[in-house]
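All remarks here apply to the structure that follows.
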Amino acid sequence: MINGKKIAVVMPAYNAARTLEQTVRELPVVVDMKILVDDGSSDDTVHLAKSLGLIVFAHDRNYGYGRNQQTCYEQALSAEADLVVMVHPDYQYTPLLVTAMADMLAYGVYDVALGSRVLGGGSLKGGMPRHKYIANRLLTAFQNFITRANLSEYHTGFRAFTSDVLRSIPLHHNSDDFLFDNEILAQCIFFGFRLGEISCPTRYFDEASSIDFLSSMKYGMGVLATTLKFALQRLGLVSFRLFDAASKPDAEYSSKGQHIAAPEC
């Protein structure tokens, strides 16, 4: 807890058993709740998460990264968290910066905090493939031109939100895939929330998750489409559910799964 704000760390997991414990061990003591949502893993992720004392929700099948993240936020809000920090359990982003991210929100300075791999030049040093770095910079430049947000990058997976943000934006119309990450930032900018960034070192290694080339191409095209939708709706030319705060979830929206109780000590 910071400044009276209850902090939840949420971890969208898929086959994360090899790196989960290392990630959890580095979470700071200010974290009040540690929530893991498993998206149909075939490895030992759920059992290990239980043994580490995490709050575990297991999907009944693999829904995709975006839907996993949606469930993470639903679980955190149901637990009455004030601040929600997403930490990937693949140990690509350092959990040691959770306190700094939460501080930015707990005192009302920002509504959204991002851990940028680009600030400080840490992305290439951490092993980001050069082609991904170039794509990151080009897409970020395009989005900054359209949104005027002037972020250093839109594609980091390390981010924190106040509960007010998560309750205000129509997450239920976001992609079930990797594009979710970009859509939620576009929504935050569209609805006028304050975004802040800190420099975050990143690691690229065999166990860290990464999307393949075709998925990267699909993501890039999705980013362009999302940004154009942002521009068209801001100009009042078209209305998209993605940027309609009053829109309701589709009937098939909710993911199915179950809470997994941690073993008693």
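Please identify the longest segment of the chain free of exposed trypsin sites (Lys or Arg not before Pro), where exposed means a DSSP state other than H, G, I, E or B and no more than 11 other Cβ atoms within 10 Å. Intermediate values should be presented prior to the final figure.
On the way: sites that count: Arg61, Arg148, Lys256.
Within the chain, the longest run free of exposed trypsin sites (Lys or Arg not before Pro) spans 149-255.
Can you list residues from other chains, or at least 5 along the same chain, whose modelled amide H is less than 5 Å from the amide H of Thr202?
Gly126
With every protein chain left in place, what is the accessible area per residue of the stretch 6-49 in square angstrom, probe 1.4 Å?
40 Å²
With the other protein chains left in place, how much accessible area per residue, in square angstrom, belongs to the stretch 62-172 at a 1.4 angstrom probe? Before the final figure, lay out the partial values.
Values: 3940 Å² over 111 residues.
The answer is 35 Å² per residue.
Of all the accessible heavy-atom surface of the chain, with the other protein chains kept in place and a 1.4 Å probe, what percent is carbon and sulfur? Let's see the in-between values first.
On the way: 6600 of 12110 Å².
Within the chain, the accessible surface is 54 percent carbon and sulfur.
Please compare each pair in Lys50/Lys132; Lys6/Lys132; Lys50/Lys229; Lys34/Lys256 to a cut-off of 32 Å on the Cα-Cα distance and tell me which ones are over it.
Working: Lys50/Lys132 35 Å; Lys6/Lys132 36 Å; Lys50/Lys229 41 Å; Lys34/Lys256 20 Å.
Where the Cα-Cα span goes over 32 Å, the pairs concerned are Lys50/Lys132; Lys6/Lys132; Lys50/Lys229.
Please work out the FRET efficiency for the pair Ser51 and Leu224, using the Cβ-Cβ distance as r and a Förster radius of 30 Å; give the result to the nearest 0.05.
Details: r = 43 Å, r/R0 = 1.43.
That gives a FRET efficiency of 0.10.
Under a plain spin-label model, where a point goes 7 Å from the Cα along Cα-to-Cβ, how far apart in nm are Leu235 and Leu214?
If labels sit at Leu235 and Leu214, their model points lie 3.4 nm apart.
Assuming R0 = 41 Å, can you tell me the calculated FRET efficiency for the pair Ser247 and Arg25, based on Cβ-Cβ distance, to the nearest 0.05? Let's see the in-between values first.
Values: r = 40 Å, r/R0 = 0.98.
For Ser247 and Arg25, the calculated efficiency is 0.50.
Modelling each spin label as a point 7 Å along the Cα-to-Cβ direction, I'd like the Gln258/Arg167 distance in nm, to one decimal.
Between Gln258 and Arg167, the simple spin-label model gives 3.1 nm.
Report ³J(HN,Hα) in whole Hz for each residue of the stretch 38-49, in order, from the Karplus equation J = 6.51 cos²θ - 1.76 cosθ + 1.60 where θ = phi - 60°; Gly and Pro get x.
Calculated HN-Hα couplings, in order: 8, 9, x, 4, 9, 9, 9, 4, 5, 4, 5, 4 Hz.
If you line up the long axis of helix 213-234 against the longest principal axis of the chain, both from Cα atoms, how many degrees apart are they, to the nearest 10?
60 degrees
How would Val109, Val87 line up by accessible area, probe 1.4 Å, largest first?
Val109, Val87
Report, in deg cm²/dmol and to the nearest 500, the calculated mean residue ellipticity at 222 nm for the chain, where each DSSP H run with n ≥ 4 adds -39500 (n - 2.57) and the sum is divided by the residue count.
Details: 9 runs with 100 residues, N = 265.
About -11500 deg cm²/dmol.
Restricting to DSSP loop positions (anything but H, G, I, E, B) with no more than 16 other Cβ atoms inside 10 Å of their own Cβ, which GluC sites (Glu not before Pro) remain in the stretch 1-92? If you can, show how the numbers build up before the last one.
Details: sites: Glu21, Glu26, Glu74, Glu80; in loops: Glu26, Glu80.
In loop regions of the stretch 1-92 (DSSP not H, G, I, E or B), the sparsely surrounded GluC sites (Glu not before Pro) are Glu26, Glu80.
Could you please report the charge total around Leu27, scoring K, R as +1 and D, E as -1 over all other residues with beta-carbon less than 13 angstrom from its beta-carbon?
Details: positive: Arg25, Lys34; negative: Glu21, Glu26, Asp32.
Spelling it out: positives minus negatives among the neighbours equals -1.
With Cβ to Cβ distances under 14 Å as the rule, what net charge do the other residues near Thr147 carry (K, R +1; D, E -1)? Walk me through the numbers before you get to the answer.
Values: positive: Arg148, Arg194, Lys229, Arg234; negative: Glu153, Glu183.
Summing Lys/Arg as +1 and Asp/Glu as -1 gives +2.
The values are calculated or read from the model by the stated rules, or taken from the named source; none is laboratory data. Note that the structure is a prediction, hence the values are computed from the model and not measured. Methodologically, a virtual Cβ is constructed for each residue, glycine included, from the backbone with ideal geometry; neighbour enumeration extends over all protein chains shown. In case anyone asks, the SASA skips ligands and DNA or RNA and just uses the protein heavy atoms, side chains included. Shrake-Rupley method; radii C 1.70, N 1.55, O 1.52, S 1.80 Å.
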